[in-house]
1. Taking only DSSP H segments of four or more residues, each worth -39500 (n - 2.57), what value at 222 nm results for the chain once the sum is divided by all its residues, to the nearest 500 deg cm²/dmol?
2. Please work out the average accessible area per residue across segment 194-258, using the 1.4 Å probe convention, and give it in Å².
3. Name the shape class, rounded, prolate or oblate, that the alpha-carbon gyration tensor gives for segment 144-231, where a ≥ b ≥ c are the square roots of its eigenvalues, rounded holds for a/c under 1.5, and otherwise prolate holds if a/b is larger than b/c and oblate otherwise.
4. From the backbone phi of segment 106-118, what are the Karplus-calculated ³J(HN,Hα) couplings (6.51 cos²θ - 1.76 cosθ + 1.60, θ = phi - 60°) in whole Hz, Gly and Pro given as x?
5. What is segment 147-263's relative contact order, in percent, from Cα pairs under 8 angstrom and six or more apart in sequence?
6. If you take the beta carbon distance between Ser208 and Glu153 as r and set R0 to 30 Å, what does 1/(1 + (r/R0)^6) give as a FRET efficiency, to the nearest 0.05?
7. Apply the Karplus parameterisation 6.51 cos²θ - 1.76 cosθ + 1.60, with θ equal to phi minus 60°, to every residue of segment 193-198 and state each ³J(HN,Hα) to the nearest whole Hz, in sequence, with x for glycine and proline.
8. Only Cα pairs under 8 Å and at least 6 apart count here; give the relative contact order of the chain as a rounded whole percent.
Amino acid sequence: MDNILYKVKDVVSVIEEFAPLGIQESWDNSGLCIGSPESAVSSVLLGLDCTPELVDEAVSAGADMIVTHHPLIFSGLKKISPDDPVGLAVMKAVSAGISVYAAHTTADKVVAGVSGAMARRLGLVDARILDPEDGGTGLGMVGDLPEALSSEEAVRYVKERFGLKAVRTSRPVDCPVKRVAMCGGAGSSLIGKAMESGAQLYLCGDVSYHHFFTPKDFMIMDIGHYESEIEIVAILFSLLKKNFPTFAVRITENIYSNPVFYF
C-alpha cells in the first residue's frame, strides 16, 4: 500500500468529484493552472491563497502540489515578474516543479462547500441553496436560525460563531431576525436573491458603501471575504486526507493569508 504512486490527475479527480470543474462561473479560473496532470504527487499543501510564502512553505515541506481556494492566475497575465506577488508565486512554483490547483467557485457552488459551511456554522435549519442551478448546485445558502434573535443578538451570535472581532452592517432591523441568507466571499450580486428569499439578514464579504442602504426589514452584514471562506481549506484537507491516507496532506502553517488588516 505504501508503494502506491499517485499523480496530479488522481488528486484532481477527487477534488472534482466533490466540486466539479464544469460548474464554475464563466469568469472564474478554477482548475489546474500550473503543472501536468501526469506529474507524480507525494505530498499536498493546502491554503486559501497561493502566495509566494505558501510556495516557499511547500518547498520546505517537500510538497509537490498546492491546492487553494483562490486561483493563483485569476485574470490574464501580461508578464511574469518577481516584482509582482502573482508573478513571483508562479516563478517559484514552476522552478520547484510544484503543481498548483484551485477549487474556487466550484467549491462555492456545492452544498458541502463554502456557503454550506457558513450555514452549518450558524446552525441553520431547513437550509437550501440561495441561487439554485440545475444539478443541485448554485451560489449562496439560506435557512432559519433555531430561534429568532434581535438584530443586536444576531450580530453577537455571528461574531461568536465565526470568531470575529468586528463586522460591518447596514442599519440594524427592528424586526426579529429568523431567516439568514449568506454567500462566501464577494456576495453583493446576490443581495436581491437574499431579499427575495425572505431573509432578514444577509452575510457576505466585500460589500460596497451604496449596498448598505437597505430596506427597512433587511440587513446586510459584511463579515469579511477571508473570514467567510477560510473553512473550505479544512474541508478540502479532510477530503484529500480521507482519499490519500498514504501520503502527506497538510494545511499551511501560515494559514492567515488575509490581505486585510484590522486595527
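The values are calculated or read from the model by the stated rules, or taken from the named source; none is laboratory data. In this text, all values refer to a predicted model and were calculated from it rather than measured experimentally. A quick note on method: Cβ atoms are made from the backbone with ideal geometry, for glycine too, and the neighbour counts reach across all protein chains shown. Ligands, DNA and RNA are stripped out before the accessible areas are found, and what is left, the full protein with its side chains, is counted by its heavy atoms. Shrake-Rupley method; radii C 1.70, N 1.55, O 1.52, S 1.80 Å.
1. Values: 9 runs with 82 residues, N = 263.
My calculation for the chain gives -9000 deg cm²/dmol from helical runs alone.
2. Numbers: 3040 Å² over 65 residues.
That works out to 47 Å² per residue.
3. Details: a/c = 1.45, a/b = 1.09, b/c = 1.33.
Rounded, because the longest to shortest axis ratio a/c is under 1.5.
4. 3J(HN,Hα) across segment 106-118, in whole Hz: 4, 7, 6, 9, 9, 4, 7, x, 4, 5, x, 5, 4.
5. Working: 162 pairs, mean separation 26.9, N = 117.
After rounding, I find 23 percent.
6. Numbers: r = 27 Å, r/R0 = 0.88.
It comes to 0.70.
7. These are the phi-based 3J(HN,Hα) values: 4, 5, 5, 4, 6, x Hz.
8. Values: 536 pairs, mean separation 50.0, N = 263.
So the answer I get is 19 percent.
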